[in-house]
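Peer 1: The following block contains the structure, expressed as structure tokens.
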Amino acid sequence: MTSYLVLGIAFAILAGIMNGAFTLPMRYMGRWSWENVWALFMLVSCVIMPIVIAWATVPNVVEVIGQAPHRAVMLACVSGFAWGFGAIMFGQGISAVGISMANTLVLAISASFGSFIPILLLAPERLHQSQGKAIMLGASIGIVGIACCGYAGFLKEKSQKSDTGIARGKMVGHARPFAIGLLLCAGSGLLSAVFNIGYSSAQPLLATAVRMGHSAFAGSNLIWLLMLISGAVPNLCFCAYLLQKNRSWAKYREQGAGHLYILSILMGLLWGGNTFIFGFASPALGKLGPAIGWPLTLITGLITANICGFSTGEWKFTHQEEQRWMAAGLTVLLVAIVTLGWSSTLG
């Protein structure tokens, strides 16, 4: 095994850890409203980081984008904008059902339908081939795992009705019925599939960057630039609306809020960083990128998110039945992710 391949695997694992842990700071930011946290997080992860990284790797950003096919640029922007609404749902879902449950549901739905929907829309003829059948199998297994986790969540909500405040601790946002949280996470997971379609459809932009003398990693940064900034638009508009409606602008000026700024920025660096780190890891893995890198990152993210959730007491007041259902769901989801990773080798 070459050192470059080992580095790629290490970066794929690091990306998964960052993706699974980025919402952890929300457990300790209850002094701020949800919109205070999410607005700053979005500015860092979807505006500042993409701009800085894109200009650092592609000095002639405007020229490359101008030379790229207009259709690719438009698809990147439109799909990124649609994904932005999914990001809002995810942020609200974290507040509703907690770190471990929300991350598990969103990552599972994204993995299952993120593989199935693109092939359904972009290459439906493959559904009857080996790859299509493997993807449908993985998606079906994923749905079973999602159902197990969902049932665990309903049992958890039922057992914690009298202890909701204790279980939430200093979590940002407001408690909601689990059914609402489940719908928010489902919507977020499905819109992540749109994100995947947009990235795939915007590949001519990457090809243009390579043709003009830049690396594939640098070219992918231009796609992230367009998609993430477009996705930040609905998020920042929604946050601005809530900041005005709830008069929560003033919380930014409260004394002793310095650590809340640090935690919000840390969230942005973790989530934004995982995107670009995986962008480096995948090419480093070569042909093994889709087969190893993608499922490895998702599995690491799932495990990390659940470790964060369990360690912060989200399942402290639950019974063994809920924990068994959640463990069963996680096991099934890991099988689904491995199956979907294997399917990528058949295309």
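The values are calculated or read from the model by the stated rules, or taken from the named source; none is laboratory data. Here the structure is a predicted model, which is why all the values come from computation and not from measurement. Here Cβ is always computed from backbone atoms with ideal geometry, including for glycine, and neighbour counts include all displayed protein chains.
Peer 1: Does GLY273 count as at pLDDT 90 or above and either surrounded by 19 or more Cβ atoms within 10 Å (Cβ to Cβ) or under 22 Å from the mean Cα position of the chain (by Cα) (or both)? First the steps, then the outcome.
Peer 2: Working: at pLDDT 90 or above: yes; either surrounded by 19 or more Cβ atoms within 10 Å (Cβ to Cβ) or under 22 Å from the mean Cα position of the chain (by Cα) (or both): yes.
So GLY273 passes the test.
Peer 1: Got at least one residue in segment 305-321 being modelled with pLDDT under 85, among the β-branched types (Val, Ile, Thr) and part of a helix (DSSP H, G or I)?
Peer 2: Scanning segment 305-321, I find at least one residue that is modelled with pLDDT under 85, among the β-branched types (Val, Ile, Thr) and part of a helix (DSSP H, G or I), so the answer is yes.
Peer 1: If the Cβ limit is 8 Å and pairs must be 6+ apart or interchain, which residue in segment 162-191 that is within 30 Å of PHE116 (Cβ to Cβ) pairs with which residue that is of a type in the set (Phe, Trp, Tyr) and at pLDDT 85 or above?
Peer 2: Pairs found: LEU184/PHE90; CYS185/PHE90; GLY187/PHE85; SER188/PHE90; LEU191/TRP83; LEU191/PHE85.
Peer 1: In addition: Mind checking whether some residue in segment 81-97 is within 30 Å of ARG211 (Cα to Cα), of a type in the set (A, V, I, L, M, F, W, C) and outside any helix (DSSP H, G or I)?
Peer 2: no
Peer 1: Could you grab me the full set of residues in segment 322-347 that are in contact with a Cys (Cβ under 6 Å, 6 or more places away or on another chain) and outside any helix (DSSP H, G or I)?
Peer 2: Within segment 322-347, no residue meets the criteria.
Peer 1: Still on this structure: Considering only segment 1-38, state which residues are part of a loop (DSSP other than H, G, I, E, B), under 30 Å from SER248 (Cβ atoms) and of a type in the set (A, V, I, L, M).
Peer 2: MET29
Peer 1: Ok, one more. Select the helices (runs of 4 or more DSSP H) contained entirely in segment 129-212, then report the ones holding at least 2 residues which are closer than 27 Å to TRP83 by Cβ, in contact with a helix residue (DSSP H, G or I) (Cβ under 9 Å, 6 or more places away or on another chain) and at pLDDT 85 or above.
Peer 2: 130-159, 178-201, 203-211
Peer 1: Let me ask something else. Could you say whether any residue in segment 181-198 is in contact with a Cys (Cβ under 9 Å, 6 or more places away or on another chain), farther than 27 Å from GLY153 by Cβ, surrounded by 18 or more Cβ atoms within 10 Å (Cβ to Cβ) and not β-branched (Val, Ile, Thr)?
Peer 2: Yes, segment 181-198 contains a residue that is in contact with a Cys (Cβ under 9 Å, 6 or more places away or on another chain), farther than 27 Å from GLY153 by Cβ, surrounded by 18 or more Cβ atoms within 10 Å (Cβ to Cβ) and not β-branched (Val, Ile, Thr).
Peer 1: Now, a different point. Output the number of residues of segment 217-264 satisfying the condition of being closer than 24 Å to PHE85 by Cα and basic (Lys, Arg).
Peer 2: Counting residues in segment 217-264 that are closer than 24 Å to PHE85 by Cα and basic (Lys, Arg) gives 2.
Peer 1: Only one residue in GLY219, GLY268, GLY272 is under 21 Å from MET74 (Cα atoms) and in contact (Cβ under 8 Å) with a residue 40 or more places away in the chain. Which one? Spell out the reasoning first.
Peer 2: Details: GLY268 fails: under 21 Å from MET74 (Cα atoms); GLY272 fails: under 21 Å from MET74 (Cα atoms).
Within the list GLY219, GLY268, GLY272, the selection yields GLY219.
Peer 1: Consider segment 18-43. How many of its residues are modelled with pLDDT of 85 or more and surrounded by fewer than 20 Cβ atoms within 10 Å (Cβ to Cβ)?
Peer 2: Looking only at that region, the number is 3.
Peer 1: Please go through segment 1-53 and pick out each residue that is hydroxyl-bearing (Ser, Thr, Tyr) and either closer than 18 Å to ALA96 by Cα or in contact (Cβ under 8 Å) with a residue 40 or more places away in the chain (or both).
Peer 2: Restricting attention to segment 1-53, the residues satisfying the condition of being hydroxyl-bearing (Ser, Thr, Tyr) are 2-4, 23, 28, 33, 45.
Listed by number, the residues that qualify are TYR4, THR23, TYR28, SER33, SER45.
Peer 1: For the condition buried (at least 20 other Cβ atoms within 10 Å of the Cβ) and modelled with pLDDT under 75, what is the one hit in SER264, SER282?
Peer 2: None of the others qualify; the one that does is SER282.
Peer 1: Condition first: over 24 Å from TRP55 (Cβ atoms) and touching a Gly at 6+ places or on another chain (Cβ under 6 Å). Now tell me which residues in segment 195-233 satisfy that.
Peer 2: Across segment 195-233, the qualifying residue is only ASN196.
Peer 1: Can you report the number of residues in segment 222-265 which are in contact with a helix residue (DSSP H, G or I) (Cβ under 7 Å, 6 or more places away or on another chain) and without any contact (Cβ under 8 Å) to a residue 60 or more places away in the chain?
Peer 2: Total meeting the criteria: 1.
Peer 1: Let me ask you something else. Within segment 49-72, how many residues are assigned to a helix (DSSP H, G or I) and in contact with a Pro (Cβ under 9 Å, 6 or more places away or on another chain)?
Peer 2: Number of matching residues: 2.
Peer 1: For segment 26-83, how many residues meet the condition of being of a type in the set (Gly, Ala, Ser) and closer than 16 Å to SER220 by Cβ? Even if it seems obvious, please write down each step before you answer.
Peer 2: Initially, segment 26-83 is screened for residues of a type in the set (Gly, Ala, Ser), giving 30, 33, 39, 45, 54, 56, 66, 68, 72, 76, 79-80, 82.
If we keep only those that are closer than 16 Å to SER220 by Cβ too, we end up with 54, 56, 68, 72, 76, 79-80.
Qualifying residue count, segment 26-83: 7.
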